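Notes for the one structure printed next.
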Amino acid sequence: MAAIEIIREKPQNPTALQFAEHIEKFRSPEEAMKLMRYFKTGEGQYGEGDIFMGIRMGQVFEMAKAYVHMRLEEIELLLQNPMHEIRTGALSIIDKQARSRKTTLDQRKLLYELYLRNTHRINNWDLVDICAPHVVGGYLYISGEPRDVLYKLAGSENIWERRTAIVATGYFIRKGDIEDTFRIAELLLNDREDLIHKATGWMLRSAGQVNRPQLQKFLDKYAATMPRTLLRYSIEHFDKPLRSYYMGLKRAG
């Protein structure tokens, strides 16, 4: 069934059960095997034990558009579902609600709180990246609330909470506010997980587009000792001589 057919079906009072039954139509065992390999669900891998239905993400996101007016209590039910794509749909709905100009600050707070109390259900990098910028970072920026929660998440034993901490600053960066990105990156420099190195490098690279001298000052201090993946992601937009310079610092270090 094509994605455009999903859009035509927009329940008036959408429920978690309706969403789950609807998305079931697109299940593909063959695609599920590909996704399980891609998202590293094998023993000892970062996505160990996650279960996939085999639904393409484009289809999931189209479904989220059709169910975007779902109530929070129904969304939370979706987040308890063991199927990765159903939780993806729930988080996509949350993200779309958070992005809407019609969403009030009180509603944004409820979305933010919903995310934070369900981090144990947000158990892969794609799930974090869907929501963290607008739902977590967006709420903190718009509300002006203290950002201490991000520093607490950065110190968590949970890899996905740590990724949330740095990826949430993506919203701040878009507003030209980059200080928390550098501070949290500093806390995550010695993280043991490659997925944290990638996310941190991604955010540093973005912050560098706002203020290149500040990124270079950070790299002058840490390039020799930071993980190679983190450094490579950070300097991706530099010209070749400058990339070579910082990689040289890493080799010397």
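The values are calculated or read from the model by the stated rules, or taken from the named source; none is laboratory data. Fair warning: this is a prediction, and the values are worked out from it, not measured in the lab. Counting neighbours? That spans all protein chains shown, and the Cβs are built from the backbone with ideal geometry, glycine included. Ligands, DNA and RNA are excluded from the accessible area calculation, which covers all protein heavy atoms including side chains. Shrake-Rupley method; radii C 1.70, N 1.55, O 1.52, S 1.80 Å.
Looking at residue 87, is it of a type in the set (D, E, K, R) and within 24 Å of residue 18 (Cα to Cα)?
yes
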Per the filter on the range 1-19, residues open to solvent by less than 30 Å² (accessible area, probe 1.4 Å) and at pLDDT 95 or above are 16, 19
Here the residues within the range 39-69 that are out of contact with any Gly (no Cβ under 9 Å at 6 or more places or on another chain), aromatic (Phe, Trp, Tyr) and under 22 Å from residue 25 (Cβ atoms) are 52
Counting only helices (runs of 4 or more DSSP H) entirely within the range 152-234, those with at least 1 residues that are in contact (Cβ under 8 Å) with a residue 60 or more places away in the chain are 159-167, 194-210
Within the bounds of the range 54-63, is there any residue that is without any contact (Cβ under 8 Å) to a residue 24 or more places away in the chain, of a type outside the set (S, T, N, Q) and open to solvent by 10 Å² or more (accessible area, probe 1.4 Å)? no
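Test residue 165 against the criterion of being among the aliphatic types (A, V, I, L, M) and either more than 21 Å from residue 125 (Cα to Cα) or touching a His at 6+ places or on another chain (Cβ under 9 Å) (or both), and give yes or no. Break it down stepwise before answering.
Details: among the aliphatic types (A, V, I, L, M): yes; either more than 21 Å from residue 125 (Cα to Cα) or touching a His at 6+ places or on another chain (Cβ under 9 Å) (or both): no.
Taking the combined requirement at face value, the residue does not satisfy it.
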If you go through 145, 113, 85, 76, the only one that is outside any loop (DSSP other than H, G, I, E, B) and exposed (fewer than 15 other Cβ atoms within 10 Å of the Cβ) is 113
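Scanning for something aliphatic (A, V, I, L, M), over 24 Å from residue 59 (Cα atoms) and open to solvent by 10 Å² or more (accessible area, probe 1.4 Å), does the range 128-140 turn up at least one residue? Before the answer, list the steps.
Looking only at the range 128-140, we keep the residues that are aliphatic (A, V, I, L, M), and these are 128, 130, 132, 135-136, 140.
Adding the requirement that they be over 24 Å from residue 59 (Cα atoms) leaves 136, 140.
Restricting the remaining residues to those that are open to solvent by 10 Å² or more (accessible area, probe 1.4 Å) gives none.
No: the range 128-140 contains no residue that is aliphatic (A, V, I, L, M), over 24 Å from residue 59 (Cα atoms) and open to solvent by 10 Å² or more (accessible area, probe 1.4 Å).
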Check your understanding: Quick check: anything in the range 56-73 of a type in the set (Ser, Thr, Tyr) and either part of a helix (DSSP H, G or I) or within 29 Å of residue 194 (Cβ to Cβ) (or both)?
Key -> no
### Message
Among the residues in the range 91-107, are any within 23 Å of residue 49 (Cβ to Cβ) and without any contact (Cβ under 8 Å) to a residue 40 or more places away in the chain?
### Response
yes
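Condition check ((1) surrounded by 18 or more Cβ atoms within 10 Å (Cβ to Cβ); (2) within 14 Å of residue 166 (Cβ to Cβ); (3) at pLDDT below 95) across all residues:
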{"site": "188", "(1), (2), (3)": "yes, yes, no"}
{"site": "194", "(1), (2), (3)": "no, yes, no"}
{"site": "212", "(1), (2), (3)": "no, no, no"}
{"site": "235", "(1), (2), (3)": "yes, no, no"}
{"site": "243", "(1), (2), (3)": "no, no, no"}
{"site": "246", "(1), (2), (3)": "yes, no, no"}
{"site": "251", "(1), (2), (3)": "no, no, yes"}
Quick one: would you say residue 174 is modelled with pLDDT of 95 or more, surrounded by fewer than 24 Cβ atoms within 10 Å (Cβ to Cβ) and basic (Lys, Arg)?
yes
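Do the conditions hold for residue 156, that is, is it of a type in the set (S, T, N, Q), surrounded by 18 or more Cβ atoms within 10 Å (Cβ to Cβ) and farther than 16 Å from residue 138 by Cα? Even if it seems obvious, please write down each step before you answer.
Values: of a type in the set (S, T, N, Q): yes; surrounded by 18 or more Cβ atoms within 10 Å (Cβ to Cβ): no; farther than 16 Å from residue 138 by Cα: yes.
Criteria not met by residue 156.
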